[in-house]
Structure formats: C-alpha cells, structure tokens
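Heads up, the thing below is written out as structure tokens.
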Amino acid sequence: MLLRSLQEKGVTPDQIVHFWSFLEPQFSSLITLTQALQNSLPTRVAVITNGLQEVTGLEASNPLNATVLGSCKVIPQEYPNLQVSSVDLLIPDSENLSFDRCVKQLLQELADPIPDYVAYRGQHRWVQTFEPIQLSTANPVLQQAGTYLIAGDLVEGLGLIFAQQLAENFRAKLILIGRAGLPERSDWDKWLATHGQQDPVSRCLRTLQNIAATSELYFFSADLGDAERVQAIATQVFEQVGTLHA
C-alpha cells in the first residue's frame, strides 16, 4: 500500500532499505517487496541483516539466513530493474562495537554505491570478491573414454546436457538413469511416431538417439526412491561395464 500511495503521488524511490531481516530472517517480506517493485523503475534495495554472513566463524548459525541470502542472489537475475545488496552488521553488546559506530557505518554504506555483499565486523569492512584460479591439468577429473553414470530427470533437468558434453568431448561410455515412466529403449521409435516433435519426452529421446549414435549408451528409467530398483540397475551396470569413473 505504501508503494501504491507513493506512485499515486508521483514519487518513485530509487533506493529502499529493507530492515525486516535485521532481527530475524524475513524471506517472505523481501519477496513481497520484490513483487511490488517488479514493474518499477530501476531501484536499489539494501537488505540489512544481523550476522547473516559467515566472516569470522564466530557468527551464530541460523539456517533461515540462507533464504535471505539466496533471495539477494536470485532477485536481480529475475528482475533486472532491481539491484539488491546485502549489508551485514552485528548487533553490538556492552563489549562490542558501539551503536553509534554501527549506525555511522550503515549510513556511510548507503550513501555510496554498495557492493553486492558487504559485512562489518568490529572496525573492519569485508567485501566478497572472486579471483580466478588456474586449474591443474595434471590429473584431470574427467577421463577420455571413461565410464560415467548420470541419474536424475533427463527431460527437464541438467542430466541430458551433461551427457551430451561427455559424449562429444570425452567419448564417454554413459549409463543414464532417467525418471520413472520414460519409454524403454526398445519403445523409443514407437513413442516418437505417436508424439509430436515439441513433446518434451520426444526431444529427450531424440537427443538420446544422437548420443547413442556416437557413444556407448546404457539407458534405464527408475524412481530413485525405489532402493530395490536402483540396486538392481547398479548390479546390472557393474556386470556389463565394470569400473565407473564417476
């Protein structure tokens, strides 16, 4: 209602400071604010939290913090008009940072462009950064002509993409366990003949056929929660292919 009232008056905030997560994680309020701003002009949202980021290792652990931190990461990806930053403080006690200093740190942070993630611990300001590293090629994780098992949803998940990459770049031998209900390999042609090209399962099966044309492919469908079925597949796989590399 506040945002609607401001819009009716022709006032559009370019920065919003979200304090609802300061005393305890408030995932829902942040999502509600995001929904209200989804069609707004570019807006900077500063999410103020207390001990959200693990910096020194002395912060109290709270699993709910992950919901707020995850929202800070995802919201700008879903809503390009919103720039979300996390400013993490620690509530001071009698032997810790004074409230006055805490307030001054926050006001200074809000006055300048805020990094995506910043945390204050005592007198120190911490900013999250990333540095490139050189991966060693002496012992590659993926082997040429290796044998790899991928289990999961091949229709809508990432498993099929990984399988394609392994087949194209590593000439891999693939064991794929898709979700329960997928057609058996002997029924692929029948399925494709009776379902449209835009059918998700049909697209999956055509990709599997392309992989099988150049790589050794073993295909199973199963409910991964069915321990007996999974064990039977594992036994069959080890009998047929021997060693698994990953």
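The values are calculated or read from the model by the stated rules, or taken from the named source; none is laboratory data. As the structure is a prediction and not an experimental result, all values here were calculated from the model. No Cβ is skipped: glycine too gets one built from the backbone with ideal geometry, and neighbour counts run over all protein chains shown.
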Which ones in segment 151-204 are farther than 23 Å from THR235 by Cα and among the basic types (Lys, Arg)? ARG171, LYS190, ARG203
Take the residues of segment 190-216 that are of a type in the set (A, V, I, L, M, F, W, C) and over 29 Å from the mean Cα position of the chain (by Cα): which is farthest from ALA180 (Cα to Cα)? ALA213
Across (1) under 28 Å from the mean Cα position of the chain (by Cα); (2) over 22 Å from VAL141 (Cα atoms), ASP187 clears everything bar (1)
Can you name the residue in segment 213-246 that is of a type in the set (Gly, Ala, Ser) and surrounded by 13 or more Cβ atoms within 10 Å (Cβ to Cβ) and is also farthest from ALA163 (Cα to Cα) among such residues? ALA232
Looking at segment 1-25, I want the residues that are in contact (Cβ under 8 Å) with a residue 12 or more places away in the chain and have a partner that is part of a loop (DSSP other than H, G, I, E, B) with Cβ atoms under 6 Å, at least 6 apart or on another chain. Which pairs are those? THR12/LEU41; PRO25/LEU64
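Residue by residue, here is whether (1) at pLDDT 85 or above; (2) surrounded by fewer than 17 Cβ atoms within 10 Å (Cβ to Cβ); (3) within 21 Å of the chain's Cα centre (by Cα); (4) farther than 20 Å from VAL127 by Cα holds:
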| position | (1), (2), (3), (4) |
| --- | --- |
| VAL11 | no, yes, no, yes |
| PRO25 | no, no, yes, yes |
| VAL47 | yes, no, yes, no |
| VAL74 | yes, yes, yes, no |
| ASP88 | yes, no, no, no |
| LEU97 | no, no, no, no |
List the number of the failed condition for ARG121; all other conditions in (1) under 30 Å from LEU52 (Cα atoms); (2) without any contact (Cβ under 8 Å) to a residue 40 or more places away in the chain hold. (2)
